[in-house]
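Just below is one structure, and these are the notes that go with it.
Every read-out reported here was derived from the displayed coordinates using simple, explicitly stated rules and does not represent laboratory data. Fair warning: this is a prediction, and the values are worked out from it, not measured in the lab. Cβ: placed from backbone, ideal geometry, glycine included. Neighbour counts: every protein chain shown.
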Amino acid sequence: MQIQGLGCVVTGGASGLGAATARELLRAGGHVALLDLPRSDGEKLAAELGEKALFCACDVTDEEQVAKALARADSAFGGIRIAISCAGIGWAQRTLTRDGAHPLGPFRKLVDVNVIGTFNVIRLAAERMSGLDPLPTGERGVLVNTASVAAFDGQIGQVAYAATKGAVVGMTLPVARDLASLGIRCVTIAPGLFDTPLLAGLPEPARSALSANVPFPKRLGQPNEYALLARSIVENPMLNGETIRLDGALRMPPKG
């Protein structure tokens with residue numbers, strides 16, 4: 001699918017992987033709606049990106065807010081062909097500590113944002129894509145989701161995060177099969193260690209230690225490298241129903 005002139009939405013679009021992806025889609029000629037929380041820098045970033053960018057404040061876990069954001073983007077761009085889900089949160093805690101069992105509250109929160117939020121965007125974006133005429137390739141739309149290598153190599157203390165990212169991986173093939181007859185593809189990216197706001201708060205020695213685990217290139221991934229893969233997925237019609245690791249050959253050890 002050629003991105004030129006197409007309507008795109010990126011959740012978590014105000015920062016990190018989402019912001020980099022929005023920039024790459026704009027470079028490819030797309031029109032991009034940044035979906036992010038009201039307190040984010042989405043409005044500021046959209047103004048910086050120019051007239052082809054739009055900020056839609058919403059919480060991905062809220063059905064009504066996402067529906068309204070997609071409707072606004074649909075109206076502004078004349079249809080949504082591309083939906084990339086980068087919104088997500090993390091949490092680190094062992095199943096059992098000296099203070100007791102892992103609390104359910106944070107686990108539920110991660111499920112709500114990382115799993116339900118991702119599926120909420122998938123289903124509502126797919127519904128809008130289904131009403132569009134197919135392109136010459138037969139495609140109506142592309143869905144790209146964000147998991148993590150933690151889905152496969154969850155470390156000590158990552159039980160909640162790994163479980164939710166594993167769920168995103170698990171959705172990918174069934175969604176692709178569900179939507180195949182409509183010409184809507186679904187692919188997931190599983191990033192390794194990336195230089196995003198989730199890691200930005202760590203002291204430099206900790207960041208260097210993480211980088212040392214990556215075989216090559218021996219550094220944290222850059223958000224634009226995620227964005228390049230997202231663009232490639234959109235542009236390559238044979239990519240469907242798959243989760244792609246983007247990790248420099250990293251396999252996470254039990255401890256970080």
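On the basis of the beta-carbon distance and an R0 of 41 Å, E235 and D99 show a calculated FRET efficiency of 0.25. When the chain is treated as a GNM with alpha-carbon contacts under 10 Å, the residue of D99, D112, D36 showing the greatest mean-square fluctuation is D99.
The label-point distance for I156 and A200, in a model that sets each label 7 Å from Cα toward Cβ, rounds to 3.0 nm.
Were the residues from R39 through R177 laid out at 0.36 nm apart, the gain over their Cα-Cα distance would be 46.1 nm.
For the chain, lysine pairs with C-alpha atoms less than 21 angstrom apart, excluding pairs fewer than eight positions apart on the same chain, total 6. Packing here is the average count of other Cβ atoms within 10 Å per residue, and on that basis the peptides 141-152, 69-80, 43-54, highest first, run 141-152, 69-80, 43-54.
Residue exposure proxy: T97, T21, T196, ordered by other Cβ atoms within 10 angstrom of their Cβ from fewest to most, comes out as T97, T196, T21. With an 8 Å cut-off on Cα pairs and a minimum separation of 6 or more residues, tell me the relative contact order of the chain in percent. Normalised by residue count, the contact order of the chain is 21 percent. Positive end of the dipole of the chain (Cβ unit charges, origin at the Cα centre): among V111, G131, G13, the Cα lying farthest that way belongs to V111.
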